[in-house]
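Since the structure comes first, as structure tokens, the remarks are kept for the end.
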Amino acid sequence: MNNNVQKNLMAGSKIIIESLIKEGVDTIFGYPGGAVLNIYDELFNYKDKIRHVLVRHEQGATHAADGYARASGKVGVVLVTSGPGATNTVTGIATAYMDSVPLVIFTGQVPTNLIGNDAFQEADTVGITRPCTKHNYLVKDIKDLARTIKEAFYIASTGRPGPVLIDIPKDITSSVYEFDYPEGVELKGYSPTYFGHHMQLSKVVKELLNAKRPLLYIGGGVIISNASPELKELAELIDLPVTSTLMGLGGFPSEHPLFFGMLGMHGTYAANMAISNADFIIAIGARFDDRVTGKVEEFGRNAKFVHIDIDPSSIGKNVKIEIPVVGDVKAVLNSILEMLSTKSEEISSTRHNRLKWLEDINIWKYEHPLSYKMNDIIKPQYVIEKIYELTGGSAIISTEVGQNQMWTAQFYKFNSPRTFLTSGGLGTMGYGFPAAIGAQIACPERMVFDIAGDGSIQMNIQELATAVQYNLPVKVAIINNSFLGMIRQWQELFYEKRYSFSQMNANPDFVKLAEAYGAVGLRATKPDEVEDVIKKALSIKKPVMMDFVVAKEESVYPMVAPGAPITGMLLV
Amino acid sequence: MEKTHILSILVENEAGVLTRVAGLFSARGFNIDSICVAKTLDKNESKMIISISGDTQILEQITKQLNRLINVIKVQELTDEDSVVRQTVLVKVNADETTKSDIVRIKDIFNGRIIDVSRNSYTLEVTGSEKKIESLIDILRPLGIKDIVMTGIVAIQRAKKLN
Ligand SMILES: Cc1ncc(C[n+]2csc(CCOP(=O)(O)OP(=O)(O)O)c2C)c(N)n1
Ligand SMILES: [Mg+2]
């Protein structure tokens, strides 16, 4: 009898790919090199089952997998070689870690007998990535390979999601072992809490019904846990006004009458005033980032706080929380809704008491709406409003970092979850374009835009070749102010306009550059050209790079100076 | 508020766990005063006893983050009241005809042992609370300490007393 068949013996490289198939992976983003050649050779046999997207830089692979994961809710998978391949992924991994994005990154490693020898293309990948992964592994024995992959996918996608890295020495990929993919995982030290504590929840419900000026402050956790429907139901049930962090945008419909925009440093006047005047704030899957709170002692100074989060270490980190609730946002909101379902009398009286509060917030909204002044130069905000209009608000939008990011957050109205992809935590310039590529691969039928800065786009511009190779109709809208605009803005406001090294004096001709890559380049230099350029771009089923030559010294308002209370807004 | 804390951390006995745990402290610029790691009855698990001084609130945050590590099974803060804390010291002290008997007396007072003897030195082994070890050192210092090695502290929770 054929023993090999009976025992299902396989080389490590095949075990890896069979494991990926067991995990339902059909797309990976990668770049080959010596340490992963065995895996690449095996991938060649699986071309019909697994789509490998060849990027042009490993940072691009990680961001693309990240964009894929954020847009689809699935785990993004990356495959790169040892040494420089692995170190090139670090920024992408740290970006995903900060924003709780589920990734599994496979890095090649030198053969086990050479580890620690300063071998060719050796780097201590596990050491380097330890502080920016949810967990990482060095597989030193082929016996552990399948189990490790199983655990990695489980850890990446459960609890507070995050990137998990598996470092695999080359000899492991060639040695042979029985393939037996585990059914489950056994992790003594890992068991996320999904359901909120009943007693805490009944406190929340009681206080919520008694509160005079309640407010929901939502973050990325709402999107990660797919809790938008529950959130909407709760807000509508008792007329709760909602404000969102950058990461939470899309978690609640921006055009909903109960939505008052983003809060924080570049938040709306209404949102920041509401936070400061509320008497009861429920933070949902948000983490009180310093860009949100401003001077933390003043944040929500008149309010009691509830904080719902799956990660206990997020709760009470920066702000004192009266009622902490550890749990999955969706599960917790469902429990709260269930508890409220028997309280219709209280609800109608509490709704009645809220009218004044909602009116106050609406007055703030009308006193100081988001605005900008038009003239004969293109205003960045106008470009974004037009993109919103012409896509009917249904595009997936990624951004780079800087003013382009903040204007997008302010002027594109995100109405559904997983449509806004941005590096909120790490603030990584160069994120948006590869993330858009990943999103387009996850959602081939959707319109996908990267709203970019002229500085940021140059950080991963090489991925134009990837977009062209896979014929992805991603659109890049460069808000070209010939400046590292956000840096310039800070220099204008806090450094007496000393524009120290923030000018982009030698930007390439982005139209020609796009053409050189085999993409389409378009340009608008006057306001009345903007609409045509966007329409034209939308009609082309190819990657298009649009160069919007905009006002150079436009600033993002409102703005709260760093460390100031968020009511201290500089307005337009 | 600055205070000394003792954390008892049950972890999986795997490569890299110590670095993960230590990394959470070093990332915040905390200096670990002492650390002891050894396996438990279950050979797949180790117990770490970490003693550290620092801001109570920040340590609370670190404790939560320790719990977040996949290989950490349980984190417990041990307090002086509810636990027994011990440390062992090996100290090599100058010994001549005039001081030998003093050293032996000190050893007896501290319930220690003499574990090595040479013509001009005695090496003592003493186990006790941190305070006890400190006072031993104070007493031996005038005699001339040639070398000293201390373990980190180990600590165990006291059994619950029945009312
Ligand atoms: C990798 C990286 N380096 C530096 C920064 C600091 N930084 C934040 S915004 C910004 C300017 C971005 O310029 P641009 O892409 O042109 O966007 P704009 O602000 O002009 O819209 C810089 C340099 C960063 N966020 N990321
Ligand atoms: Mg710019």
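Read-outs: derived from the displayed coordinates by stated rules, not from any lab. Please read all numbers here as calculations on a predicted model, not as lab measurements. Virtual Cβ from ideal backbone geometry, glycine too; neighbours counted across all protein chains shown.
List of remarks:
- Its Cα gyration tensor gives the protein assembly as shown an equivalent ellipsoid. The semi-axes, each the square root of 5 times an eigenvalue, are 50, 35, 26 Å from largest down.
- Cα principal axis extents for chain B, largest first, Å: 58, 43, 37
- Cα convex hull of region A:327-371, projected area averaged across orientations, nm²: 5.0 nm²
- Relative contact order for region B:51-123, counting Cα pairs under 8 Å that sit 6 or more residues apart, in percent: 25 percent
- Pairwise FRET efficiency - A:Glu359 versus A:Gln503, Cβ, R0 = 51 Å, nearest 0.05: 0.65
- With Cα atoms, 0 to 90° folded angle of helix A:380-390 axis to chain A main axis: 80 degrees
- Dipole magnitude for region A:380-553: about 200 debye, using +1 per Lys or Arg Cβ and -1 per Asp or Glu Cβ, origin at the Cα centre.
- Largest-first principal axis extents, alpha carbons of region A:380-553, Å: 47, 35, 33
- Inter-chain shielding of A:126-135 (mean C-beta neighbours from other protein chains, 10 Å cut-off): 2
- Residues of type aspartates and glutamates that A:Lys497 reaches as a straight line, Cα spacing below 15 Å, ignoring anything fewer than 8 places off in the same chain: A:Glu553, A:Glu554
- Per the Debye formula on identical point scatterers at the alpha carbon atoms of region B:84-157, with no solvent, log10 I(q)/I(0) at q = 0.14 Å⁻¹ is -0.39.
- Charge-dipole axis of the protein assembly as shown as Lys and Arg at +1 and Asp and Glu at -1 on Cβ define it, positive-most pick from A:Gln59, A:Gly24, A:Ser482: A:Gly24
- Estimated from the Cβ-Cβ distance and a Förster radius of 22 angstrom, the FRET efficiency linking B:Asp102 and B:Glu130 is about 0.40.
- Simple spin-label estimate for A:Lys535 and B:Ile139 gives 9.6 nm between the two label positions (7 Å along the Cα-to-Cβ direction from each Cα).
- Nonlocal Lys pairs with alpha-carbon distance under 17 Å, region A:3-178 (8 or more apart, or different chains): 19
- Note: relative contact order over region B:3-78, using C-alpha pairs below 8 Å and six or more positions apart, is 49 percent.
- Across region A:116-216, the mean sequence separation of Cα contacts (distance under 8 Å, 6 or more residues apart), normalised by length, yields a relative contact order of 25 percent.
- Our summary of shape: the Cα atoms of region A:280-405 have principal axis extents of 56, 37, 32 Å, ordered from largest down, in whole angstrom.
- Whichever aspartates and glutamates have a C-alpha closer than 15 Å to that of A:Lys475, once near sequence neighbours (fewer than 8 apart) are set aside: A:Glu400, A:Glu445, A:Asp450, A:Asp454, A:Glu463, A:Glu515, A:Glu531, A:Asp532, A:Asp547
- Options A:Ser349, A:Met545, A:Pro444, ranked by Cα towards positive dipole end of chain A, top entry (Cβ charges): A:Ser349
- Degrees, to the nearest 10: B:17-26 long Cα axis against longest axis of chain B: 90 degrees
- If you wrap the Cα atoms of region A:198-367 in a convex hull and average its projected area over all directions, you get 8.4 nm².
- Only lysine pairs 8 or more places apart or on separate chains count here, and in region A:248-386 those with Cα atoms under 25 Å apart total 19.
- Its Cα centre serving as origin, region A:198-367 has a Cβ charge dipole (Lys and Arg +1, Asp and Glu -1) of approximately 280 debye.
- Highest to lowest packing among B:123-132, A:78-87, scored as the average C-beta count within 10 Å: A:78-87, B:123-132
- Cubic angstrom per residue, convex hull over Cα atoms of region A:3-178: 101 Å³
- By average C-beta atoms within 10 angstrom, highest first, the peptides A:21-31, A:65-75, A:518-528: A:65-75, A:21-31, A:518-528
- Considering helices alone, the calculated mean residue ellipticity of the protein assembly as shown at 222 nm is -10500 deg cm²/dmol, with DSSP H runs of length four and up weighted by -39500 (n - 2.57) and normalised per residue.
- 0 to 90° range, to nearest 10: angle between helix A:228-237 axis and chain A longest Cα axis: 20 degrees
- Scaled radius of gyration (Cα, divided by 2.2 N^0.38 Å) that region A:337-468 gives: 1.40
- For region B:3-78, the equivalent ellipsoid derived from the Cα gyration tensor has semi-axes of 20, 12, 11 Å, listed largest first.
- Cα convex hull of region A:108-164 - mean projected area over all directions, nm²: 4.2 nm²
- Protection proxy ranking, peptides B:102-114, A:285-297, average beta carbon neighbours within 10 Å, highest first: A:285-297, B:102-114
- With a 10 Å cut-off around each Cβ of B:3-16, the average count of Cβ atoms from other chains is 1.
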